[in-house]
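Note sheet for the following structure.
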Amino acid sequence: MNLRSLRARRSGVLLFSLCAFGLMTSASMPADSKFAVEPVVEKKLKELPSGPLYWRLENFPTLAQAQSAAGPTSLAAEVAGKVWLFTLGPKDGSTPGGAKVVEIGPLPPISASEYLLRVNRAGGAPGAKTPIHTHPGPEAFYVLAGKLGQRTPHGVTYAEVGTAMTGHGANTPMEVFSAGTTDLDELAIFVVDANQPFSSPASLD
């Protein structure tokens, strides 16, 4: 075999090896850019409390205790190793037996013939983001881990771990993203018009 043939053969083997390596690594790489959303709990209501509304987040020792203490505008769930009660109501409220974590609000006003209260758990690796979308009502956030970012026509806002953020009114285009250097884990809490699509595609200029 002459020198030229040997070089060509070595180049072919090297190119094949690099291509195979690329395919293997791309197939084994996790989908870090995916922003995951998981519904946790929800309920429908015909009426909301009067006046400015806040989401009150409290922890309870057991889910049974939280469910027993829940009022008509409360949602009880176990998330991230803790038991939570999410209550929509006036500022400075409290629930017997609960340890208050945070109060988020006041929420932008909403009017509908029927309302949906929902809690989602969401997040992803740094840089993960949602498609641009809207909801038919205001959204609030509580960050369990990482750093949350939200981009809307009003600008970009952030919330760190252990803090909350109040979103904007119904039908505001938004993009939610993992803005920190570690994975984002957050609670997204909604009160929306139950007779409209929960989420709709949108665009941001």
field: Of PRO49, ALA99, LEU63, farthest towards positive along the dipole that unit charges on Lys, Arg, Asp, Glu beta carbons give region 25-105
entry: PRO49
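Would you work out what percent of the accessible area of region 33-132, with all protein chains in place, is carbon or sulfur (probe 1.4 Å)? Walk me through the intermediate numbers first.
Details: 2650 of 5070 Å².
Percent of accessible area from carbon and sulfur atoms in region 33-132: 52.
Can you give the translational diffusion coefficient of region 92-137 in µm²/s, computed by Stokes-Einstein from the Kirkwood radius over Cα pairs at 10 °C and 1.306 mPa s?
107
Between ASN171 and ALA36, what FRET efficiency comes out of the Förster formula 1/(1 + (r/R0)^6) with R0 = 22 Å and r the beta carbon distance, rounded to 0.05?
Numbers: r = 24 Å, r/R0 = 1.09.
After rounding, the FRET efficiency stands at 0.35.
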message: Just to check, using Stokes-Einstein with a Kirkwood Rh over alpha carbon pairs, what's the diffusion coefficient of region 56-100 at 37 °C and 0.692 mPa s in µm²/s?
response: 323
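Could you calculate the contour length gain from SER111 to THR163, that is, 0.36 nm times the residue separation minus the distance between their Cα atoms, to one decimal place in nm? All intermediate terms of the calculation are to be shown ahead of the outcome.
Values: separation 52, 0.36 × 52 = 18.72 nm, distance 2.74 nm.
Working it through step by step, the gained length comes to 16.0 nm.
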task: Just flag the GluC sites (Glu not before Pro) in region 39-142 sitting in loop per DSSP whose Cβ has no more than 15 other Cβ atoms within 10 Å.
output: GLU47, GLU114
statement: Rh (Kirkwood, all Cα-Cα pairs) for region 94-185, Å, reads 14.2
query: Residues of region 62-76 with amide nitrogen under 20 Å from the 7 Å Cα-to-Cβ point of LEU45?
result: 66-76
query: If the cut-off is a Cα-Cα distance under 28 Å, which lysines reach LYS100, setting aside same-chain residues fewer than 8 apart in sequence?
result: LYS43, LYS44, LYS46, LYS82, LYS91, LYS147
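So for region 117-194, averaging the separation of alpha carbon pairs under 8 Å that are six or more residues apart and normalising by length, what relative contact order in percent results?
Details: 209 pairs, mean separation 38.8, N = 78.
Relative contact order here is 50 percent.
Just the number please: accessible area per residue for region 33-190, 1.4 Å probe, all protein chains included, in Å².
Values: 7080 Å² over 158 residues.
For region 33-190, the solvent-accessible area averages 45 Å² per residue.
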- prompt: Ordered by residue, what ³J(HN,Hα) values in Hz, to whole numbers, does region 80-89 give under the Karplus form 6.51 cos²θ - 1.76 cosθ + 1.60, where θ = phi - 60° and Gly and Pro are x?
  reply: 6, x, 10, 9, 10, 10, 9, 10, 9, x
field: Amide hydrogen neighbours beyond the local backbone of VAL79, cut-off 5 Å, H modeled
entry: TRP84
- prompt: In region 33-169, if every C-alpha pair distance is counted and binned at 5 Å from zero, what percent goes to each bin?
  reply: 2, 9, 18, 24, 21, 15, 8, 3, 0
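The values are calculated or read from the model by the stated rules, or taken from the named source; none is laboratory data. From a predicted model like this one, the values you see are computed outputs, not experimental measurements. Glycine gets a Cβ as well: all are built from the backbone with ideal geometry, and neighbour counts include every protein chain shown. Heads up: the accessible areas ignore ligands, DNA and RNA and are worked out on the full protein's heavy atoms, side chains in. Shrake-Rupley method; radii C 1.70, N 1.55, O 1.52, S 1.80 Å.
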